[in-house]
Structure formats: structure tokens, C-alpha cells
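S.K.: Quick one: this structure, given as C-alpha cells, is what I'll be asking you about.
The values are calculated or read from the model by the stated rules, or taken from the named source; none is laboratory data. Computed from a predicted structure; not experimentally measured. Note that each Cβ is placed from the backbone with ideal geometry, even for glycine, and that neighbours are counted across all protein chains shown.
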Amino acid sequence: MSLDQQGDKARPTILHHALTPGDADLADRLFQRNASLLRLFPDDRRAFYAALAAQAPFAEGVAAEPVREGSVRGWWLRPADADPEAAVFFVHGGGYHLGDARSYLGFASQLASRTGRAVFSVDYALAPEHRFPAAFDDIMQARAWFLSRGVRSYAAVGDSAGGGLVLAMAQHAAPDDRLTALVLFSPWTDLSISGASAGDPATRDPVFQSGFLEGLARSYLGGADPRDPRASPLFGALDALPPIQIQVGTEERLLDDSVRLAKQAARPGAIVRLDVFESLYHVFQRDVGTLKTAGMALDMAARFIVEHSSSAD
């Protein structure tokens with residue numbers, strides 16, 4: 001069991017990781033690059049985010065196939081000889097306003113290559129055109145379609161807002177659901193933005209500038225309760241969840257969204273692992289093409305997915 005227990009109180013496994021040798025100077029340059037991308041597209045946040053998400057290179061040996069079936073949109077990323085019955089359901093981030101499965105093809109292909117499993121990367125309606133609970137409803141509908149494709153067991157993975165959507169989806173899964181693991185990269189779990197790191201002036205976050213998170217939350221919620229678990233799963237049921245791995249950097253406003261989630265989800269018998277990466281920024285795993293620590297983090301995520309899908313067989 002990967003929890004430390006003290007009496008009847010369970011604790012998550014929390015692991016701290018220093019930068020891989022050689023990454024320190026590179027990480028700082030990438031940090032500045034991300035900030036410069038924001039300046040490059042000052043009036044088009046969606047173009048900025050697409051450029052940011054597309055930093056992940058496409059993995060060799062993976063085929064990409066678009067999906068357009070009714071209201072379900074997305075991409076399959078299939079490595080050669082993938083097990084047709086074990087797959088990954090991936091939900092992209094972007095603060096409920098930005099991002100799409102196309103710009104995340106490289107990121108999703110890295111998960112497919114490392115796990116040896118087909119990955120379905122799903123699109124969903126974005127705000128402000130479509131407000132809460134549109135994104136959650138789309139994810140639930142896409143999950144039903146995904147499971148109808150002959151998937152026997154699956155892991156669910158998401159980054160940032162996608163991580164929050166994946167967690168909310170898991171909280172609404174049926175008891176006989178085939179979900180074996182959750183992997184969350186820098187998840188946004190609290191749209192009330194009550195975590196201390198969200199307002200910490202010492203946090204160097206190149207993506208979420210001061211006030212940006214608050215604006216995204218207000219726009220998506222459209223007056224809905226920010227503590228509704230479909231938007232903020234930190235306030236939802238955190239028992240009866242599958243094994244969870246959370247990865248987060250110390251230099252991001254959503255750090256406390258991950259720390260609080262790990263501590264609150266830890267229960268006797270549960271498997272909750274939090275990997276904290278020193279000096280790294282929001283969803284640094286996108287820089288897998290250049291940052292060694294990013295590749296190491298994705299390898300950790302892949303091992304977690306494979307280990308827990310195997311244990312469920």
C-alpha cells in the first residue's frame with residue numbers, strides 16, 4: 001500500500017524531485033519562452049495556448065486518427081500492437097476556454113508511446129461560448145462513447161482544467177466502471193481559487209498571470225456555484241476513487257490544488273501519490289522534447305498507468 005498511516009489517518013505518498021542534471025538552466029529558458037509566447041499573442045489567447053500545447057513532439061510509431069461521430073470529437077493515438085481492450089482517456093487543459101485535441105496530439109502521442117496503449121484525446125465545448133456545465137457534460141458523453149468501443153479497462157489522464165474534468169468524471173462513474181487509474185498533471189480542482197498558492201506573489205507562473213485564473217473561472221461558471229463538484233471536484237466525493245497519481249511543479253499557482261487534493265483523497269486502503277517537481281512550471285511535461293525531467297515525469301505516469309491496469313486484470 002502506497003500510503004503512510006498514522007493511527008486511522010491515511011497520508012498520501014508525497015515525493016519531491018529535483019531537476020534532472022542539466023535541466024536547471026534549460027528550465028529557466030523554457031520558463032521565459034512560455035512567457036514570451038503569451039506576449040506574442042496578446043489578443044488571441046487561443047492561438048497562444050495552441051502554440052504552448054504543441055511544444056510536445058509527436059512520438060514515433062504512433063498513428064493519429066480523427067474521430068467525428070455525432071457530438072463526439074477527438075483523436076485516437078494508437079501505438080503499434082496496442083492492446084485493443086486497454087486504453088487511455090485523455091482530457092486537455094486550457095482553463096475551460098482554450099486548447100483542443102489537435103494541438104495536444106504530441107502530448108497524447110507521448111502517453112500512447114510510453115504506455116503502449118491507445119489514447120483517446122477528446123474535444124469538448126469551450127467557454128465563453130459554452131458555459132458550465134457544458135464541458136463536464138461533453139466529457140461524460142464522450143466517456144460513454146469511448147467505453148462502447150470495446151474498452152475493457154482504462155486510465156483517465158488530464159492536465160490543468162482537463163485534470164479537474166477527469167477527476168469530476170471519476171466522481172460520477174458507476175460502481176462497475178472500468179476505470180483503473182487517474183493521472184493528473186497540474187490539475188485545476190478548485191474554481192473558487194481558495195488555495196494559498198493561487199494568490200502568492202512569490203509564485204513565478206508564466207501561464208496564469210495575476211487575476212487570470214479568477215477571470216477564467218467567472219467566465220466559465222457564468223454565475224454557477226464555484227464549489228459545485230462538477231467544476232471543483234476538490235469539494236466532491238473523494239472516496240471510492242481508483243489509484244491516483246498527481247504531478248505538479250513548485251512554480252505554479254495551482255500547486256495547492258494538487259496538495260490539498262492528495263491530502264483529502266488519502267484514506268486507508270487508497271492509493272494516492274503526489275509527485276512535486278522543484279523549480280518547474282505549470283504542465284512542464286509538454287516540454288518532453290527538450291527537458292529531461294519532463295520525460296522522466298511522463299515515464300512515471302506511464303508506469304503508474306500500466307501497473308494499475310495490470311493489477312486490475
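S.K.: For the stretch 194-231, what are the residues that are within 20 Å of the chain's Cα centre (by Cα) and part of a helix (DSSP H, G or I)?
M.R.: Within the stretch 194-231, Ser197, Ala198, Phe212, Leu213, Glu214, Leu216, Ala217, Tyr220, Leu221 qualify.
S.K.: Okay, moving on. Listed residues Leu26, Leu38; which is modelled with pLDDT under 85, assigned to a helix (DSSP H, G or I) and farther than 25 Å from Arg260 by Cα? Let's see the steps before the verdict.
M.R.: Details: Leu26 fails: modelled with pLDDT under 85.
Only one candidate passes the filter, namely Leu38.
S.K.: Of everything in the stretch 232-266, what is assigned to a helix (DSSP H, G or I) and within 11 Å of Gly195 (Cβ to Cβ)? Give them in sequence order.
M.R.: Leu234, Leu255, Asp256, Asp257, Ser258, Val259, Arg260, Leu261
S.K.: Let me ask something else. Regarding the stretch 253-267, can at least one residue be identified that is under 24 Å from Val88 (Cβ atoms), surrounded by fewer than 22 Cβ atoms within 10 Å (Cβ to Cβ) and of a type in the set (Ser, Thr, Tyr)?
M.R.: No; the residues of the stretch 253-267 include none that is under 24 Å from Val88 (Cβ atoms), surrounded by fewer than 22 Cβ atoms within 10 Å (Cβ to Cβ) and of a type in the set (Ser, Thr, Tyr).
S.K.: Also: May I ask you to verify whether Arg149 is part of a loop (DSSP other than H, G, I, E, B) and over 25 Å from Ala51 (Cα atoms)?
M.R.: Criteria met by Arg149.
S.K.: Now for a separate question. Hey, among the residues in the stretch 166-191 that are touching a Ser or Thr at 6+ places or on another chain (Cβ under 6 Å) and not basic (Lys, Arg), which one's surrounded by the fewest Cβ atoms within 10 Å (Cβ to Cβ)?
M.R.: Thr180
S.K.: Which ones in the stretch 212-229 are among the basic types (Lys, Arg) and within 16 Å of His97 (Cα to Cα)?
M.R.: Correct list: Arg218 only.
S.K.: Of (1) of a type in the set (Asp, Glu); (2) over 21 Å from Leu165 (Cα atoms); (3) crowded, with 18+ Cβ neighbours inside 10 Å, Glu307 satisfies all except one. Which?
M.R.: Looking at each condition in turn, Glu307 falls short on (3).
S.K.: Can I ask one more? For Asp239, only one of the following conditions fails: (1) more than 30 Å from Ile305 (Cα to Cα); (2) at pLDDT below 95. What is its number?
M.R.: Condition not satisfied by Asp239: (1).
S.K.: Mind checking which residues of the stretch 266-313 are more than 21 Å from Ala54 (Cα to Cα), within 18 Å of the chain's Cα centre (by Cα) and acidic (Asp, Glu)?
M.R.: Within the stretch 266-313, Asp275 is the sole residue that qualifies.
S.K.: For a quick check of your reading of the model, give me the residue pairs whose first member lies in the stretch 186-207 and is at negative phi, whose second is surrounded by fewer than 23 Cβ atoms within 10 Å (Cβ to Cβ) and in a loop (DSSP other than H, G, I, E, B), with beta-carbon atoms closer than 7 Å and at least 6 apart or on different chains.
M.R.: Leu191/Pro226; Ser192/Pro226; Ser192/Arg227; Ser197/Thr203; Thr203/Glu251; Arg204/Glu251; Asp205/Glu251
S.K.: Looking only at the stretch 92-117, which residues are out of contact with any Asp or Glu (no Cβ under 8 Å at 6 or more places or on another chain), among the hydrophobic types (A, V, I, L, M, F, W, C) and farther than 13 Å from Ala59 by Cβ?
M.R.: Answer for the stretch 92-117, where residues must be out of contact with any Asp or Glu (no Cβ under 8 Å at 6 or more places or on another chain), among the hydrophobic types (A, V, I, L, M, F, W, C) and farther than 13 Å from Ala59 by Cβ: just Leu98.
S.K.: Tally up the residues in the stretch 281-293 that are assigned to a helix (DSSP H, G or I) and either in contact with a strand residue (DSSP E or B) (Cβ under 9 Å, 6 or more places away or on another chain) or surrounded by fewer than 19 Cβ atoms within 10 Å (Cβ to Cβ) (or both), please.
M.R.: First, the residues of the stretch 281-293 that are assigned to a helix (DSSP H, G or I): 284-287, 292-293.
Narrowing the set further to residues that are either in contact with a strand residue (DSSP E or B) (Cβ under 9 Å, 6 or more places away or on another chain) or surrounded by fewer than 19 Cβ atoms within 10 Å (Cβ to Cβ) (or both) leaves 284-286, 292-293.
The qualifying residues number 5.
S.K.: Another question, then. I need the strands (runs of 3 or more DSSP E) fully contained in the stretch 57-146, keeping only those with at least 1 residues that are surrounded by fewer than 17 Cβ atoms within 10 Å (Cβ to Cβ) and either under 16 Å from the mean Cα position of the chain (by Cα) or touching a residue at least 40 places away in the same chain (Cβ under 8 Å) (or both).
M.R.: 62-69
S.K.: In the stretch 41-80, how many residues are at pLDDT below 95 and of a type in the set (Lys, Arg)?
M.R.: Here the count works out to 2.
S.K.: Moving to a separate point now. With (1) crowded, with 22+ Cβ neighbours inside 10 Å; (2) in contact with a strand residue (DSSP E or B) (Cβ under 9 Å, 6 or more places away or on another chain) as the list, and Glu278 as the residue in question, which single condition is left unmet?
M.R.: Glu278 satisfies all of (1) crowded, with 22+ Cβ neighbours inside 10 Å; (2) in contact with a strand residue (DSSP E or B) (Cβ under 9 Å, 6 or more places away or on another chain) except (1).
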